Structures are given as structure tokens and as C-alpha cells.
Amino acid sequence: MTKSTAMANTSMNVSLPEALKDYVQERVAEGTFSNPSDYVRALIREDRKRRAEERLDELLMEGINSGPAEPMTEQEWADIRAKADRLAEAARREQAASLHS
């Protein structure tokens with residue numbers, strides 16, 4: 001794993017009822033997950049993805065319900081492009097800095 005994608009692992013103890021512990025162990029035994037931590041990480045990633053999709057749905061509905069669409073001006077498009085360029089450049093700098101640390 002490269003420095004830019006590696007995340008430092010920390011420990012967290014979780015108490016589970018016996019039935020849930022057994023279920024986690026069954027899922028690991030099926031071979032899809034290498035250990036219980038791998039299974040929990042997959043669940044958390046899936047939850048984060050689901051929440052992001054829910055947020056996107058909320059924002060889309062907010063836009064749909066905000067009234068009639070209005071055409072954007074060339075200046076508005078230019079402003080959006082400039083902001084995207086600034087964000088992309090900041091992300092490139094951050095990535096470069098993390099590779100050199």
C-alpha cells in the first residue's frame with residue numbers, strides 16, 4: 001500500500017452478544033473476510049457509502065424542489081471552473097506533501 005492510501009490502524013474493543021459474535025465468526029469462516037476486523041471495516045465502509053448516497057439524494061431532492069431552473073451565465077460557469085481548479089490544485093499539493101512526509 002502506498003503512503004497516500006495507507007491508513008494507520010488503531011485498536012477498538014467492541015462487546016457483542018454471543019449470537020452476533022458467532023455470526024461474525026461464521027462470515028469470516030466463509031472466506032470473504034480474513035478476520036473479524038476486516039469484516040467490521042467492510043461494514044463501516046458500506047455504512048459510509050450508504051450515508052453519502054442518502055446525502056446525495058437529499059441534495060438532489062433539495063435542488064428539484066428549489067423551483068424552476070434558471071440558465072447559468074458564462075461567468076457563473078467560469079467561477080465554477082475556477083473553484084474546481086483551485087480545489088484540484090490544493091488536493092495535488094496535499095497529496096504531494098503527504099508523499100514527501
Fill in: Rounded, prolate or oblate (a/c below 1.5 giving rounded, otherwise prolate when a/b exceeds b/c) for the chain by Cα gyration tensor
oblate
Worksheet, complete the sentence: Yeah, segment 35-90 with a ≥ b ≥ c from its alpha-carbon gyration tensor (a/c under 1.5 is rounded, else prolate when a/b outruns b/c, oblate otherwise) is oblate
Item to complete: For segment 42-61 and segment 80-101, compute the distance between their C-alpha centroids and round to whole Å.
Response: 25
Fill in: Per-residue [θ]222 nm for the chain (sum of -39500 (n - 2.57) over DSSP H runs n ≥ 4, rounded to 500)
-23000 deg cm²/dmol
Worksheet item: For the charge dipole of segment 1-83, defined by +1 on Lys and Arg C-beta atoms and -1 on Asp and Glu C-beta atoms about the Cα centroid, which residue among V24, A52, N13 has the Cα displaced farthest towards the positive pole?
Response: N13
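Read-outs throughout are calculated quantities, based only on the coordinates presented, and are distinct from any laboratory measurement. As the structure is a computational prediction, the values presented were derived from the model and not from experiment. Quick reminder, even Gly has a Cβ in these numbers, built from the backbone with ideal geometry, and neighbours come from all protein chains shown.
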